[in-house]
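Peer 1: Before I ask anything, let me first share the structure, which is written out below as structure tokens.
The values are calculated or read from the model by the stated rules, or taken from the named source; none is laboratory data. Values in this document were obtained by computation on a predicted structure and should not be read as measured data. Using ideal geometry, Cβ is built from the backbone for each residue, glycine included, and neighbour counts are taken over all protein chains shown.
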Amino acid sequence: MIRDAACLEPDLALAELLFARLREASLDPPGVTRDAYGPGEERAHGLCIEAAEAAGLSVRRDFAGNTYATLTGSDPGARMLLFGSHLDSVAHGGNYDGAAGVVAGLAALAGLVRAGQRPRGDVTVMITRAEETVWFPVSFAGARAALGRLPAEALAARRADTGHSLAEHMRALGFDPDAVAAGRRHLEPERIAGFVEAHIEQGPELIEVGRAVAVVSAISGGYRFREARIRGEYAHVGGAPKRVRRDAVAALGHIIAGVNGVWDRLEAEGHRITATFGVVGVDPTMAAWSRVPGEAQFSLDIRGVDLPALARLRLALDDLVAEAEAKFGVTVSLGPDTGTRPGFLDQALAQRLRDCASARFIPFHEMPSGGGHDALAFHEAGVPAAVLLIRNQNGSHNPDESMEMEDFAEAARILATLAATH
Amino acid sequence: MLPNLAPDLDLAARLFDALRARTHDDVGITREAYGPGERAAHTLVREAGEALGLEARTDHMGNLYLTLPGTDRSAPAVVLGSHLDSVPRGGNYDGAAGVVAGLAAVAGFRRAGFVPARDVTVMAIRAEEAGAWFPTSYPGSRGALGRLRPEELDIQRLDSGRSLAEHMAEEGFDPEAARAGRAVLGPGNVCAFLELHIEQGPVLESEEIPVGIVTGIPGSRRLRQGRVLGRYDHSGGTPRRHRRDAAIALAEFAHRLDEAWAILDAQGREMVATFCVLATAPEAGFTKIAGEARFQLDVRSVEMANVELLFAEIQRLAAEVSARRGVTFDLGPESGSQPAPMDAAIRAGLARAAERLGVPHREMPSGGGHDAAAFAAAGIPAGMIFVRNQNGSHNPNEDMRMEDFAKACAVLTAWAAEVSG
């Protein structure tokens, strides 16, 4: 059966058209902007609904605004297979982060419809909401809401640019935050055979190894400090010799250089984790020429799948904070840790992806994923989950993100084969 | 033998009170340069000088001179002075203390019937607070010295957006004379300039010494538009060896420069190095590796050789960190100033006066710039006395104790009597 399914082609013309339309509808030079629970994401959902209906799939939406495009199976008692990803993007991001998984799923199912194939169980493309945490500081808001697993207090989180809450944004688009708060489930984990997310790779590993796709068996987690603050004392540059200063930038330098040094040692020992100080800086309203900076803030995103290495870096961070406080006379507050623990994905589902790739003679790579994807929300809900990464040039979260359509086609082919054999 | 001269401290107290009453806003003291606050202060000081029978004169810049005539009117004068403007919501003593001290000294001369051999002039200078009003160094004193560049008259006041020339003309002064380079002061008619000023840092307070004798005003090298360029990438998906992280590169640069400074500091090389600004660019985000970071760096010392040492390290570190981290350091344009050493004979004279009066004192460099630097640059022997001061300067909590002011003022008075007698 897998051999027949291995000949099934996804509808790549549909995919090309949909990518072009998505780009056009969300163009915000440089790059595209699809704001979570805002006009950009909403337009993208609309375009995908149109394409799914034209391809003969049946479309539904849930109370949190997630969209479902289903190819109905022959056996109503069989569990459903979910493909999915998100359609929001960072501001001035690329066209493929998120959208690639949605379009791959739709192209695969459109290919089945075109070939007159009907799987035994339902196969559904789920288009999630609000995965990019630059908008709401909440992980996997849409996916977790569908699973009844978004805490009610997350609805009070404010969108970074508008200042309005997640609940307000949901309601403005006609969705039902009260259902989310009540923990209502649109998806029953026990009714789902698996959730497979195709996603562009956000790093360059596939380029290095020369493969179009990778099967992911683990998703990294770690520690996330978004609002760490250092408080020292403002002083006149000339009037404050070294020994009396409480310089927040000097303390910041100590902490960043120290974390970097520990990371160096871990790397040398073969541990692969990452530490990113994405936003650092003095308070722009207070920093001035001739003034010793009395305040600084930083964000720190520590990620990996290697638990002992993550723990070592976390402990080292505490030591460095204490050192900086003692040495520079400052007070450091790391603020809340919004990190998640690493996830090890479903090994049987990962094996199914490998089998489908092998059946089509598609060489694949295996690696952990650095980005936290919606698949993690399903994994946490007890749903077998897997991620298929697609080679991508120039990284993600930037306008130069650039995926080759041939690589995308390989991922869509693997999904088509998986759907046909469901 | 000189008479036992003492400054008129009652006059000083009255003047400080009057200045505070006239220029207090709801929070602190505001005496805007070439504006109503500074004007009110000049009026008060002028009235006090005239009440003492001093000759009052204003130059083309609006600087005020109150002169006690000496027996030889043609001999170069001793000038005691400082500025009367303040930062917005600042304190009452930054600047004003030097003018009030000069008047108190001369009032003491008058009270004792002391007639100096040469003129002793109290000078109230305009527009010294460059960071608050006109962003250029010492326009008031440099204008009097004929050393203002014509284009500096077009510099705009930071709050009003109007030029120095416009503000001067509005107050009744003569910007065109300044543009033409008119000089009313120079080595030919000033033999020494002495400026008393509150200390802007905590050194005297922490060492429990009331008076500082300034060794020099620092020179500086400044990078106001430094940038580190790396590449924006996703934080989770990009392994370490592929990163070009501008935030870590800049933090490492700042940290290692701080360590270099600590080593030089331990060797007794007095200098300060400050990243006044260090920040990722507005495009930065929590889940992005920083592709750009910016900084402003200020390095200053009375000994320019110290600054050069640290700048050599800046160049070396920028190259090393760039090569290792795959980023580019763009240090941007550089600005700076030359140091102004204080006159050795004046320093020695001040030390002698302090010893004679039993006033504890120490030599120390100035951290910030002061009008005395403009006099030194013009070839006039210049000196400075610092007064211990609580809570720093440029803020409403600035708090000089009158007993410390009295000690510093006594040193100034004794010195002025010696050099003018």
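Peer 1: Looking at region B:393-420, which of the residues that are among the charged types (D, E, K, R), outside any loop (DSSP other than H, G, I, E, B) and within 17 Å of B:Asp94 (Cβ to Cβ) is nearest to the chain's Cα centre (by Cα)? Working first, answer last.
Peer 2: Of the residues in region B:393-420, the ones among the charged types (D, E, K, R) are B:398-399, B:401, B:403-404, B:407, B:418.
From what's left, outside any loop (DSSP other than H, G, I, E, B): B:399, B:403-404, B:407, B:418.
Those left that are additionally within 17 Å of B:Asp94 (Cβ to Cβ): B:399, B:404.
Details: B:Asp399: 18, B:Asp404: 20 Å.
For region B:393-420, the residue satisfying everything is B:Asp399.
Peer 1: Does B:Leu317 meet the test of being out of contact with any strand residue (DSSP E or B) (no Cβ under 6 Å at 6 or more places or on another chain) and within 14 Å of chain A (Cβ to nearest Cβ)?
Peer 2: When the stated conditions are applied, B:Leu317 passes them.
Peer 1: Go through A:Glu366, A:Glu406, A:Glu410 for me and flag whichever is more than 14 Å from chain B (Cβ to nearest Cβ) and in a strand (DSSP E or B). Step through it out loud before you land on a result.
Peer 2: Values: A:Glu406 fails: in a strand (DSSP E or B); A:Glu410 fails: in a strand (DSSP E or B).
Selected residue: A:Glu366, the only one of A:Glu366, A:Glu406, A:Glu410 that is more than 14 Å from chain B (Cβ to nearest Cβ) and in a strand (DSSP E or B).
Peer 1: I've got another one for you. Of the residues A:Gly148, A:Gly203, which is part of a loop (DSSP other than H, G, I, E, B) and out of contact with any Ser or Thr (no Cβ under 9 Å at 6 or more places or on another chain)?
Peer 2: On the way: A:Gly203 fails: out of contact with any Ser or Thr (no Cβ under 9 Å at 6 or more places or on another chain).
Of A:Gly148, A:Gly203, the one residue that is part of a loop (DSSP other than H, G, I, E, B) and out of contact with any Ser or Thr (no Cβ under 9 Å at 6 or more places or on another chain) is A:Gly148.
Peer 1: Please determine whether any residue of region B:225-242 is crowded, with 18+ Cβ neighbours inside 10 Å, at pLDDT 90 or above, more than 29 Å from A:Glu401 (Cβ to Cβ) and within 7 Å of another protein chain (Cβ to nearest Cβ).
Peer 2: no
Peer 1: Filter region A:238-262 for residues that are closer than 27 Å to B:Arg243 by Cα, more than 7 Å from chain B (Cβ to nearest Cβ) and either under 27 Å from the mean Cα position of the chain (by Cα) or part of a loop (DSSP other than H, G, I, E, B) (or both) and give the result. Reasoning before the result, please.
Peer 2: Filtering region A:238-262 down to residues closer than 27 Å to B:Arg243 by Cα leaves A:248-262.
If we keep only those that are more than 7 Å from chain B (Cβ to nearest Cβ) as well, we get A:248, A:251, A:255, A:258-259, A:261-262.
A:Val259, A:Val262, listed by residue number.
Peer 1: Sticking with this structure for a sec: What residue, among those in region A:388-422 that are among the polar types (S, T, N, Q) and buried (at least 24 other Cβ atoms within 10 Å of the Cβ), is nearest to A:Gly93 (Cα to Cα)?
Peer 2: Going through region A:388-422, the residues among the polar types (S, T, N, Q) turn out to be A:392-394, A:396, A:398, A:402, A:417, A:421.
Keeping just the survivors that are buried (at least 24 other Cβ atoms within 10 Å of the Cβ) gives A:392, A:396, A:417.
Numbers: A:Asn392: 14, A:Ser396: 7, A:Thr417: 31 Å.
Within region A:388-422, the match that is nearest to A:Gly93 (Cα to Cα) is A:Ser396.
Peer 1: List pairs: first residue in region A:95-123 and on the phi > 0 side of the Ramachandran plot, second residue buried (at least 24 other Cβ atoms within 10 Å of the Cβ) and among the hydroxyl-bearing types (Ser, Thr, Tyr) anywhere in the structure, Cβ distance under 7 angstrom, at least six positions apart or on different chains.
Peer 2: Every condition considered, the pairs that remain are A:Gly98/A:Ser85; A:Gly98/A:Ser89.
Peer 1: Give all pairs with beta carbons closer than 6 Å in which a residue from region B:264-286 that is closer than 22 Å to A:Ala248 by Cβ and facing chain A (nearest Cβ under 7 Å) meets a residue that is acidic (Asp, Glu) and part of a strand (DSSP E or B); count only pairs at least 6 apart in sequence or on separate chains.
Peer 2: B:Thr274/B:Asp298; B:Cys276/B:Asp298
Peer 1: While we're here: With respect to B:Asp72, is the statement that it is more than 26 Å from B:Glu176 (Cβ to Cβ) and of a type outside the set (Phe, Trp, Tyr) true? Quick ask: steps written out before the conclusion?
Peer 2: Values: more than 26 Å from B:Glu176 (Cβ to Cβ): yes; of a type outside the set (Phe, Trp, Tyr): yes.
Yes, satisfied.
Peer 1: Here's something else I'd like to know. Go through B:Ala165, B:Ala183, B:Ala177 for me and flag whichever is over 27 Å from B:Ala305 (Cβ atoms) and assigned to a loop (DSSP other than H, G, I, E, B). Quick ask: steps written out before the conclusion?
Peer 2: Working: B:Ala165 fails: assigned to a loop (DSSP other than H, G, I, E, B); B:Ala177 fails: assigned to a loop (DSSP other than H, G, I, E, B).
Every option except B:Ala183 fails the conditions.
Peer 1: Among A:Ala385, A:Ala381, A:Ala359, which is the only one that is buried (at least 24 other Cβ atoms within 10 Å of the Cβ), in contact (Cβ under 8 Å) with a residue 24 or more places away in the chain and among the hydrophobic types (A, V, I, L, M, F, W, C)? Walk me through it before giving the result.
Peer 2: On the way: A:Ala381 fails: buried (at least 24 other Cβ atoms within 10 Å of the Cβ); A:Ala359 fails: buried (at least 24 other Cβ atoms within 10 Å of the Cβ).
Only one candidate passes the filter, namely A:Ala385.
Peer 1: Does at least one position in region B:136-157 carry a residue that is surrounded by 16 or more Cβ atoms within 10 Å (Cβ to Cβ), farther than 22 Å from A:Ser290 by Cβ and polar (S, T, N, Q)?
Peer 2: There is no residue in region B:136-157 that is surrounded by 16 or more Cβ atoms within 10 Å (Cβ to Cβ), farther than 22 Å from A:Ser290 by Cβ and polar (S, T, N, Q).
Peer 1: When only residues in region A:218-234 that are at the interface with chain B (Cβ under 10 Å from one of its Cβ atoms), in a strand (DSSP E or B) and among the small types (Gly, Ala, Ser) count, which is nearest to the chain's Cα centre (by Cα)?
Peer 2: A:Gly221
Peer 1: Another question, then. What number of residues within region A:38-90 are in a loop (DSSP other than H, G, I, E, B) and closer than 19 Å to A:Phe140 by Cα?
Peer 2: Step one: list which residues in region A:38-90 are in a loop (DSSP other than H, G, I, E, B), which gives A:38, A:55-57, A:62-66, A:72-79, A:87-90.
Filter again for closer than 19 Å to A:Phe140 by Cα, leaving A:38, A:62-66, A:87-90.
Of the residues in that region, 10 qualify.
Peer 1: Now a separate question. In region A:263-282, how many residues are free of Cβ contacts under 8 Å to residues at least 12 places away in the same chain and facing chain B (nearest Cβ under 7 Å)?
Peer 2: Looking only at that region, the number is 1.
Peer 1: OK, next. Among the residues of region B:296-309, write down those that are within 12 Å of chain A (Cβ to nearest Cβ) and either over 24 Å from the mean Cα position of the chain (by Cα) or not hydroxyl-bearing (Ser, Thr, Tyr) (or both). Break it down stepwise before answering.
Peer 2: At the first step, the residues of region B:296-309 found to be within 12 Å of chain A (Cβ to nearest Cβ) are B:296-302.
Matches in region B:296-309: B:Gln296, B:Leu297, B:Asp298, B:Val299, B:Arg300, B:Val302.
Peer 1: While we're looking at this one, here's another question. Within region B:93-104, can one find any residue that is in contact (Cβ under 8 Å) with a residue 40 or more places away in the chain, of a type outside the set (A, V, I, L, M) and within 13 Å of B:Ala416 (Cα to Cα)? It would help to see each step written out before you state the result.
Peer 2: Keep residues of region B:93-104 that are in contact (Cβ under 8 Å) with a residue 40 or more places away in the chain, which gives B:93-104.
The next check asks that each one be of a type outside the set (A, V, I, L, M); those that pass are B:93-95, B:98, B:102.
Those still in the list that are within 13 Å of B:Ala416 (Cα to Cα) too: B:102.
Among the residues of region B:93-104, at least one is in contact (Cβ under 8 Å) with a residue 40 or more places away in the chain, of a type outside the set (A, V, I, L, M) and within 13 Å of B:Ala416 (Cα to Cα), which makes the answer yes.
Peer 1: On the given criteria, is A:Arg391 in contact with a helix residue (DSSP H, G or I) (Cβ under 8 Å, 6 or more places away or on another chain) and away from chain B (no Cβ under 14 Å)?
Peer 2: no
Peer 1: Here's another thing I want to ask about it. Can you spot a residue in region B:54-63 that is in contact with a Ser or Thr (Cβ under 6 Å, 6 or more places away or on another chain), of a type in the set (Ser, Thr, Tyr), surrounded by fewer than 24 Cβ atoms within 10 Å (Cβ to Cβ) and outside any loop (DSSP other than H, G, I, E, B)?
Peer 2: No - not one qualifying residue is present in region B:54-63.
Peer 1: If we scan region A:247-266, do we find a residue that is under 30 Å from B:Ile217 (Cα atoms) and surrounded by fewer than 20 Cβ atoms within 10 Å (Cβ to Cβ)?
Peer 2: No, region A:247-266 contains no residue that is under 30 Å from B:Ile217 (Cα atoms) and surrounded by fewer than 20 Cβ atoms within 10 Å (Cβ to Cβ).
Peer 1: Something else: Of the conditions (1) without any contact (Cβ under 8 Å) to a residue 12 or more places away in the chain; (2) crowded, with 22+ Cβ neighbours inside 10 Å, B:Ala312 clears all except one; give me its number.
Peer 2: (2)
Peer 1: For region B:243-261, give me the residue count where each residue is at the interface with another protein chain (Cβ under 7 Å from one of its Cβ atoms) and within 33 Å of the chain's Cα centre (by Cα).
Peer 2: Of all residues in region B:243-261, those at the interface with another protein chain (Cβ under 7 Å from one of its Cβ atoms) come to B:247-248, B:251-252, B:254-255, B:258, B:261.
Checking the rest, the ones that are also within 33 Å of the chain's Cα centre (by Cα) come to B:251-252, B:254-255, B:258, B:261.
So the answer is 6.
Peer 1: I'd like the residue in region A:126-178 that is touching a residue at least 24 places away in the same chain (Cβ under 8 Å) and among the β-branched types (Val, Ile, Thr) and, out of all such residues, is nearest to the other protein chains (Cβ to nearest Cβ).
Peer 2: A:Val134
Peer 1: Taking A:Ile414, is it within 30 Å of B:Arg231 (Cβ to Cβ) and modelled with pLDDT of 95 or more?
Peer 2: no
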